[in-house]
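Undergrad: I'd like to ask you about the structure that follows.
We did not get these values from a lab; they are worked out from the coordinates using the rules stated. All of these numbers come straight from a predicted model, not from anything done at the bench. Note that each Cβ is placed from the backbone with ideal geometry, even for glycine, and that neighbours are counted across all protein chains shown.
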Amino acid sequence: MSNKISKKAIVLIVAVIAVIAVVGSSLAWFVTQTSKSQSFSISGIKTSADVYFANGKKSVDAGQYKDENGLYILSLNKDDENYIGKLRVTVRRSGSACCLRVKTAFEWQSSDGAVAQFSTNIPYIFGDEWYDNRSVDYRVYYMGGDCSGKAVNEAFSLINGFDESKFDASGFEEGASVKVLIEVDAVQFNRYPQLWNIEKLPWE
């Protein structure tokens, strides 16, 4: 018996694998991502995100509401301490000045765990120096800072409020929830075209 496989068969096998890979990556987009609230270094730049829930004068660490993939679980019940409207995020950076952006992508789930929809228009109130580009790439970009390259150690309020009047979750049954990916990304000012694959910053 011959152990040879025809070129036609190999092409077919590769094509099937490619299709499976594409379908798998699209269905498991959130499952394979992680919320990068921990610090990480890129060319002398360190960034991190403090994620918490504002419950009156009490701040609740959002870390206890992370799932096994590092995604934050948000409630649609206003009385819960992890209610979607109570989410707050502060971004920190140290080292040389840089371009900074944060991915904030949301996955809605019905009470049985099935994915219901994705949304980028959750009505959060961002700090004045942030540019909301979520409708294009799920990201919010920091517009402030200088280009001197001097060492800095700063904190920026990203999500500091929620417009309840623009939020409607009435289409979801009791027990529905939201998972959110929060991912901080920073590059040197002269490197964003190559590393972010954009010709100019969104507000320019």
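Undergrad: Which of the residue pairs Lys78/Lys200; Lys78/Lys103; Lys66/Lys166; Lys58/Lys166 have a Cα-Cα distance greater than 30 Å in the structure shown?
TA: On the way: Lys78/Lys200 39 Å; Lys78/Lys103 24 Å; Lys66/Lys166 26 Å; Lys58/Lys166 25 Å.
In this structure, Lys78/Lys200 exceed 30 Å between Cα atoms.
Undergrad: Can I ask one more? Under 14 Å Cα to Cα from Lys57, which aspartates and glutamates show up? Leave out anything in the same chain fewer than 8 places away.
TA: The qualifying aspartates and glutamates are Glu81.
Undergrad: Report the net charge of residues surrounding Gln109, where surrounding means a beta-carbon distance below 14 angstrom and charges are Lys +1, Arg +1, Asp -1, Glu -1. Can you show the working numbers first?
TA: Details: positive: Lys179; negative: Asp67, Glu107, Asp112, Glu173, Glu174.
Taking every other residue near Gln109 into account, the sum is -4.
Undergrad: Largest first and to the nearest Å, give the Cα extent of segment 129-204 along each principal axis.
TA: Principal axes ranked by extent give 50, 26, 20 Å for the Cα atoms.
Undergrad: Can I ask one more? Set the Förster distance to 30 Å, then compute FRET efficiency between Asn190 and Glu129 from the Cβ-Cβ distance, nearest 0.05. It would help to have the intermediate numbers written out before the result.
TA: Values: r = 20 Å, r/R0 = 0.68.
The formula returns an efficiency of 0.90 here.
Undergrad: First check a/c for segment 51-158, with a ≥ b ≥ c the square roots of the eigenvalues of its C-alpha gyration tensor; if it is under 1.5, answer rounded, and if not, answer prolate when a/b is larger than b/c or oblate otherwise.
TA: Details: a/c = 2.24, a/b = 1.66, b/c = 1.35.
Note, shape of segment 51-158 comes out prolate.
Undergrad: Given 0.36 nm per residue, what is the gain on full extension from Ala155 to Asn69 after removing their alpha carbon distance, in nm?
TA: On the way: separation 86, 0.36 × 86 = 30.96 nm, distance 2.59 nm.
Answer, rounded to one decimal: 28.4 nm.
Undergrad: Label Glu173 and Asn77 with points 7 Å out from Cα along Cα→Cβ: what is the distance between them in nm?
TA: 1.7
Undergrad: If each of Lys200 and Thr120 carries a label point 7 Å out from its Cα toward its Cβ, how far apart are those two points in nm?
TA: 1.9
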